[in-house]
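Each value in this text was obtained by applying a stated rule to the coordinates, not by laboratory testing. On a predicted model such as this, the values are computed, not experimentally measured, just so you know. Here the Cβ positions follow ideal geometry from the backbone for every residue, glycine too, while neighbour counts run over all protein chains shown.
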Amino acid sequence: MLCNASNAPATQYAHAVADVYLGDRVKPVASAPAPTAAEMAANAGLYRSALTGVAMVIGKDGGGLRGRKWTFDGHGGAIAADQTAEVSSAMTAERYERVAAAHYSDAQLAAFVGVYTSDEAETVLNAAIENHTLVLKRRPDTTITLTPTYDDAFTADHGLGTVIFRRDANSRITALSVIEDRVWDLRFRRTQN
């Protein structure tokens, strides 16, 4: 479903079209039982999507489940599926993996400093350290604060979403990716250190 407005309820429109064409041949899956307190305590933590890299926190009280059916594998992996979809469908299920939270010293943040360019977005981002925090600067006067989530990944203010720094086979940072609700892996190549 494609929409030209970011505030258009695309999912709702897609379901409405499916209802018209498929009618009663599609039945919603029964609601999943809520995870037990013991399950939530055992599986609480920071997770990242294997599809997008976006991080999310699942709380001990079940906070963060976002109305989806979660299945935990007991080894740090999980699958989240929409309540109205079959769990086996690749289009409606998303894999997650547990990750450790990242914390950086100024010296460690220095590895991310540089100039990153996207021909697709026709934008240049300058990564710098200000007041012990990694920031991205964009002309003419925007400064975007990056908050560490897991190794090489940050959440960004100003609605930029998630920023993931990409490394080559020698662990050198060569690019960064921007991931938002409607943008997956918009690449900016590192042009200067």
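To test your reading of the geometry: what angle, between 0 and 90 degrees and rounded to tens, separates the Cα axis of helix 10-22 from the longest principal axis of the chain?
Between the helix axis and the principal axis of the chain, the angle is about 30 degrees.
Roughly how big is the chain's charge dipole about its Cα centre, with Cβ charges of +1 (Lys, Arg) and -1 (Asp, Glu), in debye to the nearest 20?
180 debye
Select from Ser171, Asn126, Thr149 the residue farthest towards the positive end of the dipole of segment 106-192; place +1 on Cβ of Lys and Arg, -1 on Cβ of Asp and Glu, and compute about the Cα centre.
Ranked along the dipole, the leading option is Ser171.
Give me the dipole magnitude in Debye, nearest 20, for segment 106-192 about the Cα centre, with unit charges on the beta carbon: positive for Lys and Arg, negative for Asp and Glu.
The dipole magnitude comes to about 240 debye.
Which whole-number value in Å³ per residue fits the convex hull of the alpha carbons of segment 103-193?
Given the Cα convex hull of segment 103-193, per-residue volume reads 100 Å³.
Roughly what percent of Cα-Cα pairs across the chain reach past 27 Å?
Here the long-distance tail beyond 27 Å is 42 percent of all Cα pairs in the chain.
For the chain, modelled as a GNM with alpha-carbon contacts under 10 angstrom, which of Leu160, Leu65, Leu51 fluctuates the most?
Answer for the Gaussian network model of the chain: Leu51.
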